[in-house]
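All of the numbers you see were taken from the coordinates with simple rules; none came from a lab. Just so we're clear, the structure is a prediction, and the values are computed from it rather than from any experiment. Every residue, glycine as well, gets a Cβ built from its backbone with ideal geometry; the counts of neighbours run over all protein chains shown.
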Amino acid sequence: DAGVIQSPRHEVTEMGQEVTLRCKPISGHNSLFWYRQTMMRGLELLIYFNNNVPIDDSGMPEDRFSAKMPNASFSTLKIQPSEPRDSAVYFCASSTADSNQPQHFGDGTRLSIL
Amino acid sequence: GESVGLHLPTLSVQEGDNSIINCAYSNSASDYFIWYKQESGKGPQFIIDIRSNMDKRQGQRVTVLLNKTVKHLSLQIAATQPGDSAVYFCAENTSGSRLTFGEGTQLTVNP
């Protein structure tokens, strides 16, 4: 079975540019999570969706960050405009809606903002 | 002074030995806990989970112990192998579907 698929795996861009990260959750999973991982702050939850609806976006750092889930098989995380401090690894995870089920992670997008 | 970054706890073991990785969690109301393994360049990989109505659960070569009295979780890996070298994270379900992750422990297995 395919796991969570993220693209691109690596992104290098100049500050001020728009960045779009993509995620395809595991088929049948109806919860989707976006995380950011840095050396300074570890693994942080940015936002999560249940049945394509954003439930908790309290971890989104600022208005420059936005996330959408137009359908059950696709989500995007957008940063506009990007800044060097946004450099991190961004992970997407999915799970069933049952809160006592594990989240399964993709292999992340390593983002570098110059 | 201010720390430059997270200073991961480290555990170094010999191949074939048993490993024990510990985690203190924060929320006494958490009812679900997970251990993840993260290898370099990859996402966290699910290892084993446990619900708060249990105090022990076993998988293949791994055992998770939960002590709710002191809010402590541990992961035991039997007969540790070089392929077990990774960062290990505990996570607790703090509300709804929200997981809060620990800082991680770097496990190094020496041949």
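Structure above, values below:
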{"quantity": "Residues located in region A:71-114, provided they are surrounded by fewer than 17 Cβ atoms within 10 Å (Cβ to Cβ), assigned to a strand (DSSP E or B) and within 14 Å of another protein chain (Cβ to nearest Cβ)", "calculated": "A:110"}
{"quantity": "So residue B:108, is it polar (S, T, N, Q) and surrounded by fewer than 15 Cβ atoms within 10 Å (Cβ to Cβ)", "calculated": "yes"}
{"quantity": "Residue check for residue A:32: closer than 17 Å to residue B:93 by Cα and in contact with a Phe, Trp or Tyr (Cβ under 7 Å, 6 or more places away or on another chain)", "calculated": "yes"}
{"quantity": "Test: residue in region B:55-65 that is surrounded by 19 or more Cβ atoms within 10 Å (Cβ to Cβ) and either farther than 22 Å from residue A:38 by Cβ or hydrophobic (A, V, I, L, M, F, W, C) (or both)", "calculated": "yes"}
{"quantity": "Hits in region A:68-86 - residues which are closer than 25 Å to residue A:31 by Cβ, of a type in the set (D, E, K, R) and in contact (Cβ under 8 Å) with a residue 60 or more places away in the chain", "calculated": "A:78, A:86"}
{"quantity": "Qualifying residue in region B:6-26 (condition: of a type outside the set (Asp, Glu), in contact with a Lys or Arg (Cβ under 8 Å, 6 or more places away or on another chain) and either more than 22 Å from residue A:38 (Cα to Cα) or within 14 Å of chain A (Cβ to nearest Cβ) (or both))", "calculated": "yes"}
